[in-house]
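Peer 1: Dumping the structure here so I can ask a few things about it.
The values are calculated or read from the model by the stated rules, or taken from the named source; none is laboratory data. Fair warning: this is a prediction, and the values are worked out from it, not measured in the lab. Glycine also receives a Cβ, built like all others from the backbone with ideal geometry; neighbour counts cover every protein chain displayed. Protein only, heavy atoms only, side chains kept; ligands, DNA and RNA dropped before computing areas. Shrake-Rupley method; radii C 1.70, N 1.55, O 1.52, S 1.80 Å.
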Amino acid sequence: MEKERRITEVPRIGKAAAEDLSSLGIRTLSDMILFRPRAYDDRRDERTVRMASVSDPTISCRIVILSHSEFPTKKGLTLKVTAEDDDGTRLEILCFNRGYLKAQLAIGTEWYIFGKVQRIRGRFQTSSFEIKRTKEEAGIGRILPVYTLTGNLTEKMMRAAAYYSLMALSPIPDELPQRLYEEYSLLHHDEAYKAIHFPDTLEEAGKALRTLAFTELLMMEIMVLRESIKPAEKKKSTIFPIERKLLEALPFRLTPDQEKSAEEIREDMDSGIPMNRLLQGDVGSGKTLVAWLSALHAIAQGGQVAFMAPTELLARQHADGAAALLASLGIRIAFITGSVKGESRRLLLKSLKDGSTDLVIGTHALFSEDVEFRNLRFVIIDEQHRFGVQQREALMKKGRGASILSMSATPIPRSLALTLYAAYSVSTLHTMPSGRRPITTYLVREDRREEMYKAVGVEFSRGHQAYFVYPRIDDDGESELRDVTTMYEVLKKEYPDTPSALLHSKLPDDEKMRILHDFKDRKLAYLVSTSVVEVGIDIPDATCMVIEHAERFGLAALHQLRGRVGRSSLPSYCFLVYGKNLTDEAKARLKVMKETTDGFRIAEKDLEIRGPGDITGDKQSGFLRLKFASLTSDLDIVEKARNEAERIIKDDRGLLKAENAVLRNNLPLYRKESELPQKKEEPKPKVVKAQKKKEKTEQGFLEF
């Protein structure tokens, strides 16, 4: 596809318009045809004023101007034009900030109008409309694209630019092998690009979108598969005595998923090819224990292990857990963060370099230049989505051919795993340790706060513990949000003589660790905290999680915080306290939290609500910059593209066959597209006249 023809070639696109288009990523004619409409105006049927209804308020018809008048508003007088359609029905056209229309809409002249109508006190009115002199200009009888706009761009300019670009670049060559068009019922690409912008029917627009989405996903999957390492042939792995000792010392059996994942990791590590595996599982599913077992497998073969956590607090907790579990087995453990300095750091670095340390646990300090290993064989990355690709690669380079185990308690939906993690092997922990009970979640309005406090008080009387989480450390006088500092004093009055502590990120790490140790030793009944307790805190007697201003937290954070309770056989509860004026997105998040505790289901919903970039932590990944495909609603296309890519790569990895020449030639263009700045994934195009059902009221939607 031609790339060099600039968008300024389009008539009436000057410097200012070109700058606005550039901010949307449109610099060339090809960029314009790759810019997907966000919706469609279906103007095929003429709809008179009386045809408008609550479910479909649109009209598209001829009118005659009858009179002009003005009415007062806060900004002065506003023009009202009264008109009549061919049925003789009168329509009041309210021209807010469009007084100039008085001179154009002369009495007695005929016009064509497209807009949305309301019936108020028996009169039909519109303030959202387009009005043109001819039927053709108004688009009556056609489907028109609706684009995302910015600056001074108009729909008329965007449609003209799209039409010009399509004509100038026509015929657009096909981008797929010919057999795929018939096999998957796709439009040829010249037809597809025209139909995505100016379809004759909505069905044609859907088929065009499916064609372009399939093309995009197929190219993506081919790129990933060509760069991935061919998996080694599996062979039975060896369980070393030190691994058996740990398993025998545990007071419980591994879950079936833990056993399967540990075996998969051992097989990868013994294959002779460096492992690149993602271990994902819900909160509390036992990922860290699988990681320690796998670390023993590497250490038993003379290797060193590096365990990287995103925060010093989490790294310290992992170090404590590793010491309690592994030190008795003779494993030499070290802890390193940016705060370890001086002689202590020098001795620690020496022990890593000479091999006298088996396992080092730390933060990003692990990939500092002065950190060297004698024989780094295994790298474990906890909460992998919190690290960038370059950070992960920097640590991997410290070991020659080191195996990588990335862990995530934010489950990756299968549709994403098929694409972003196509080069990974994936192990999944679905089953939870025996004895765990589902957490009961309540959505709490402000006026039910006292009932919530009483419910938590009952848990204190039973000897159980609680967390109170707030989004802010203190009140600077500029926000109505509750903060931990103020609420710590409030809660001490609510629960007098109940031991508690205040925990937040500004406290020294030693102080934070002391508080957590006291909480674990049951010296404290509750913590008043920020989201610093989101990951890695395991307190079996904690049964209540209270999250204030829950609408301010993302789904992943809410699920992680809720996962701090329910870590024993005790019944546990999560209270999500929400404020007024919730956005639709906030309502959707809270509704999901109320309905399910399944982290995989929550991840799917998070993908629907937010898109994939933030979930994976790979905003820099071009694999997520999709123009036509949706990882949320195109799961069937993802599957088909993945299967087809595997078939092509298995048969012709180098794309050297004549039938695959079109793929070989177009692949660099898609790779270049993936390097552009990322934009939030657009929703699927929708028909403007299809109105959504009215949302339930807030009172009926959330309750305690």
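Peer 1: On a 0 to 90 degree scale, rounded to 10, what angle separates helix 202-227 from the longest Cα axis of the chain?
Peer 2: 30
Peer 1: Among residues other than S185 whose Cβ falls under 14 Å from its Cβ, what is the net charge (Lys/Arg +1, Asp/Glu -1)?
Peer 2: Net local charge, S185 excluded: -3.
Peer 1: For segment 1-160, what is the accessible area per residue in Å², given a 1.4 Å probe and the full set of protein chains?
Peer 2: 52
Peer 1: Please report, in whole Å³, the volume per residue of the convex hull around the C-alpha atoms of segment 122-212.
Peer 2: 150
Peer 1: Mind computing the radius of gyration and Dmax over the alpha-carbon atoms of segment 127-278? Å is fine for both.
Peer 2: Every Cα atom of segment 127-278 included, Rg and Dmax give 27.7, 86 Å.
Peer 1: Another question, then. Could you check how much of the accessible area of segment 438-567 is carbon and sulfur, as a whole percent, using a 1.4 Å probe? Spell out each step's value before the answer.
Peer 2: Working: 2600 of 5560 Å².
After summing per-atom areas, the C and S share lands at 47 percent.
Peer 1: Let me ask something else. Using packing as a proxy for protection, rank 17-28, 33-44 so that the peptide with the highest average count of other Cβ atoms within 10 Å comes first. Don't skip to the answer; put the middle values down first.
Peer 2: Numbers: 17-28: 17.2, 33-44: 20.2.
Ranked from most to least packed, the peptides come out as 33-44, 17-28.
Peer 1: Keeping the other protein chains in place, figure out the carbon and sulfur percent of the accessible area of segment 1-118, with a 1.4 Å probe.
Peer 2: The C+S portion of the solvent-accessible surface of segment 1-118 is 49 percent.
Peer 1: I want the local charge near P256. Using Cβ-Cβ distances under 14 Å, sum +1 for each Lys or Arg and -1 for each Asp or Glu among the other residues.
Peer 2: Cβ neighbours under 14 Å give a net charge of -2.
Peer 1: What does the highest-first list of 653-659, 452-458, 268-274, 212-218 look like by mean Cβ count within 10 Å?
Peer 2: Packing order, densest peptide first, comes out as 212-218, 268-274, 452-458, 653-659.
Peer 1: What translational D, rounded to a whole number of µm²/s, comes out for segment 232-366 from Stokes-Einstein when the hydrodynamic radius is the Kirkwood one over Cα pairs, at 25 °C and 0.890 mPa s?
Peer 2: 155
Peer 1: Moving on. Over 21 Å, how big is the tail of the calculated P(r) for segment 40-152, in percent of all Cα pairs?
Peer 2: The share of Cα pairs beyond 21 Å in segment 40-152 comes to 36 percent.
Peer 1: For the chain, count the residues as N, evaluate 2.2 N^0.38 Å, and divide the Cα radius of gyration by that value, please.
Peer 2: Working: Rg = 30.7 Å, N = 704, 2.2 N^0.38 = 26.6 Å.
So the Cα radius of gyration is 1.15 times the expected 2.2 N^0.38 Å.
Peer 1: How do H364, H188, H197 rank by accessible surface area computed with a 1.4 Å probe, from largest to smallest?
Peer 2: The most accessible residue leads, giving H364, H188, H197.
Peer 1: Go through 588-597, 509-518 and give me the packing order, highest mean Cβ count within 10 Å leading.
Peer 2: Highest to lowest by the protection proxy: 588-597, 509-518.
Peer 1: Taking a threshold of 26 Å on the Cα-Cα distance, which of the pairs K236/K657; K80/K135; K587/K640; K492/K512; K353/K506; K492/K523 fall above it? Don't skip to the answer; put the middle values down first.
Peer 2: On the way: K236/K657 37 Å; K80/K135 23 Å; K587/K640 34 Å; K492/K512 19 Å; K353/K506 34 Å; K492/K523 15 Å.
K236/K657; K587/K640; K353/K506, as the Cα separations exceed 26 Å there.
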